[in-house]
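Enquirer: Here's a structure for you.
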Amino acid sequence: MSRVFNFSAGPAILPEAVLAQAQAEMLDWQGCGMSVLEMSHREQHFASIAAQAEADLRELLGIPSNYKVLFLQGGAYSQFSMIPMNLLRGKTRMDYVDTGDWSSKAIDEARRYGDVNVVASSIAGNYTSIPDPATWQCDPNAAYLHYTPNETIRGVEFGFVPDAGDVPLVADFSSTILSRPIDVSRFGLIYAGAQKNIGPAGLTIVIVREDLLGQTVPCTPVMFDYKVQADNGSMYNTPPTYAWYLAGLVFKWLKAQGGLSVMAAINERKANKLYAAIDASDFYHCPVDLTYRSWMNIPFTLAKPALDKAFAAEAEQAGLVSLKGHRSVGGMRASIYNAMPEAGVDALIHFMQDFAQRNG
Ligand SMILES: *Cc1c(COP(=O)(O)O)cnc(C)c1O
């Protein structure tokens, strides 16, 4: 068996040790005689898997006890609707920061539920930076302030948590959750689709402060009501059981690596060496503002775009796959989530230098 280094933005690379454990437990989970795939979510085996995953996530992120952790379906995209439905709480206005493709999709969806105030946008600079928070036009009466800590497509990341005052801060952490420690108490709600930096597709994690629950807009579908989900342990209906189990294995793996401070140091080192290789060359270019470059998704272009196809094809031959940039921006993008070993980044840098030498 030979595994490639997979730079896909999502679904994305998983730790090999996690896949090996899932394989070893596939037919018989811990002596119970069946696969996790076959378990009832109402019985003790899955109950223990679910509870352990939540406990480990709480420990990794230091989630305070007045926050609920929900294991939902529907992807981060469903949260674009669930957030206004649940958090408007009788208000009509919501603040959003527009820093890229995902925040603007969240804005479009929120407009169906009330008045969206775009407090700042970096679209004029082609989303390569983050507007200075001192210039944000925030509304102190907004129901919440939404932002996207890491824009997966253009590789722009907030290195800081914005100050929202008393307004609940809501953040789409889909592509950066668990990449470094965060202070959960600064947030009203955090959400993330699992398929980038947590586990398999099909699971969406929501971390929400309890006092924000229970005031949905009329006609909110029962499955979209955070309070119903919280009161039922995310098992109002059948949850995505196998994805939940796999996420739990990833949480255990992260704990075994030493937790999120250790992951942050590794992630920073991985990203910095790739940016350094790009910046040191005339052949590659990263358009993102130095201050806001993502640790997770690194877009770059080639001096000769006509070589994009050859670059991707030869990289694949070298065991470096899914480097093609998002269809909306072109070029290349290397997603280097927690599960990407440093050796994968080293191999990519080596390939890039070799390719530039042969084609520069
Ligand atoms: C991938 C992504 C989404 C969409 O996620 P789905 O789970 O496919 O709905 C939303 N926001 C960000 C930041 C993403 O990276």
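Enquirer: Separation between the Glu268 and Asn66 pseudo-spin-labels, each 7 Å from Cα along Cα→Cβ, expressed in nm?
Expert: Label-label distance for Glu268 and Asn66, simple model: 3.1 nm.
Enquirer: Ok, one more. Work out the FRET efficiency for Asp211 and Thr92 from their Cβ-Cβ distance, taking R0 = 22 Å, and round it to the nearest 0.05. Show your work: numbers first, answer last.
Expert: Details: r = 20 Å, r/R0 = 0.91.
Computed FRET efficiency for Asp211 and Thr92 comes out at 0.65.
Enquirer: Under the rule of at least 5 residues apart or a separate chain, name every residue whose amide H is placed under 5 Å from the amide H of Val118.
Expert: Tyr96
Enquirer: Determine the percent antiparallel among the DSSP beta bridges restricted to the stretch 25-257, to the nearest 5.
Expert: The answer is about 50 percent antiparallel.
Enquirer: Moving on. So what is the 222 nm mean residue ellipticity for the chain from helices alone, if each DSSP H run of at least 4 adds -39500 (n - 2.57) and you divide by all residues, rounding to the nearest 500 deg cm²/dmol?
Expert: Using -39500 (n - 2.57) per qualifying helix, the result is -10500 deg cm²/dmol.
Enquirer: Report the label-to-label distance for Ser2 and Asp346 in nanometres (one decimal), using points 7 Å from each Cα along the Cα→Cβ vector.
Expert: 1.9
Enquirer: For the pair Leu307 and Arg327, what calculated FRET efficiency results from E = 1/(1 + (r/R0)^6), where r is the Cβ-Cβ distance and R0 = 22 Å, to the nearest 0.05?
Expert: Numbers: r = 18 Å, r/R0 = 0.83.
Rounded to the nearest 0.05, the efficiency is 0.75.
Enquirer: The stretch 1-70: which trypsin sites (Lys or Arg not before Pro) are DSSP loop and have at most 10 other beta-carbon atoms within 10 angstrom?
Expert: Taking the stretch 1-70 and a limit of 10 other Cβ atoms within 10 Å, the loop trypsin sites (Lys or Arg not before Pro) found are Arg3, Arg42.
Enquirer: Oh, and also: Can you list the residues, at least 5 places off or on another chain, whose amide H is less than 5 Å from the amide H of Tyr144, using H built in the peptide plane?
Expert: Amide H neighbours of Tyr144, under 5 Å, 5+ apart: Asp95.
Enquirer: In whole Å, what is the distance between the alpha-carbon centres of the stretch 293-360 and the stretch 162-240?
Expert: When both Cα centres are located, 32 Å separates them.
Enquirer: May I pose another question? Could you list which residues have their amide H under 5 Å from that of Phe300, counting only those 5 or more apart in sequence or on another chain, with H placed in the peptide plane?
Expert: HN-HN under 5 Å from Phe300: Met332, Arg333, Ala334.
Enquirer: Moving on to the next point. In the chain, carbon and sulfur make up what percent of the accessible area (probe 1.4 Å)?
Expert: After summing per-atom areas, the C and S share lands at 51 percent.
Enquirer: Taking the chain as a Gaussian network, Cα atoms linked when under 10 Å apart, which of Met34, Met94, Met296 shows the biggest mean-square fluctuation?
Expert: Result: Met34 has the largest fluctuation of those listed.
Enquirer: Quick check: pseudo-label points 7 Å beyond the Cα along Cα→Cβ at Glu25 and Arg111, how many nm apart are they?
Expert: In this crude spin-label approximation the distance works out to 4.5 nm.
Enquirer: Measuring with a 1.4 Å probe in the full set of protein chains, what accessible area per residue, in whole Å², belongs to the chain?
Expert: Per residue, the chain has 42 Å² of solvent-accessible surface.
Enquirer: Related question: From the backbone phi of the stretch 65-75, what are the Karplus-calculated ³J(HN,Hα) couplings (6.51 cos²θ - 1.76 cosθ + 1.60, θ = phi - 60°) in whole Hz, Gly and Pro given as x?
Expert: Coupling constants for the stretch 65-75: 5, 8, 10, 9, 10, 10, 10, 10, 10, x, x Hz.
Enquirer: From the square roots a ≥ b ≥ c of the eigenvalues of the alpha-carbon gyration tensor of the stretch 298-354, which class results: rounded (a/c under 1.5), prolate (a/b over b/c), or oblate?
Expert: It is oblate, given that a/c is not under 1.5 and a/b is not larger than b/c.
Enquirer: Test of understanding: extend the Cα→C-beta vector of Val118 to 7 Å, then name every residue of the stretch 70-97 with backbone N under 12 Å from that spot.
Expert: Label zone hits: 96-97.
Enquirer: Continuing with the same structure: Which sequence of Cys32, Cys219, Cys286, Cys138 reflects their accessible areas, 1.4 Å probe, from the largest down? Don't skip to the end; give the middle numbers.
Expert: Numbers: Cys32 35, Cys219 130, Cys286 5, Cys138 65 Å².
I get Cys219, Cys138, Cys32, Cys286, largest accessible area first.
Enquirer: So how compact is the chain: Cα radius of gyration and Dmax in angstrom?
Expert: Over the chain's Cα set, Rg and Dmax evaluate to 20.8, 62 Å.
Enquirer: If the cut-off is a Cα-Cα distance under 20 Å, which lysines reach Lys227, setting aside same-chain residues fewer than 8 apart in sequence?
Expert: Filter leaves Lys68, Lys91.
Enquirer: Moving to a separate point now. Which length gain, in nm to one decimal place, applies between Met34 and Asn141 when the Cα-Cα distance is subtracted from 0.36 nm times their residue separation? Intermediate results must be reported in sequence, preceding the final value.
Expert: Details: separation 107, 0.36 × 107 = 38.52 nm, distance 5.26 nm.
Extending this stretch completely gives an extra 33.3 nm.
Enquirer: Between Gln357 and Asn126, what length comes free when the chain is fully extended (0.36 nm per residue of separation minus the Cα-Cα distance, one decimal in nm)?
Expert: 80.2 nm
The values are calculated or read from the model by the stated rules, or taken from the named source; none is laboratory data. A quick note: this is a predicted structure, and the numbers were derived from the prediction, not measured. Using ideal geometry, Cβ is built from the backbone for each residue, glycine included, and neighbour counts are taken over all protein chains shown. Heavy atoms of the whole protein, side chains included, go into the accessibility calculation; ligands, DNA and RNA do not. Shrake-Rupley method; radii C 1.70, N 1.55, O 1.52, S 1.80 Å.
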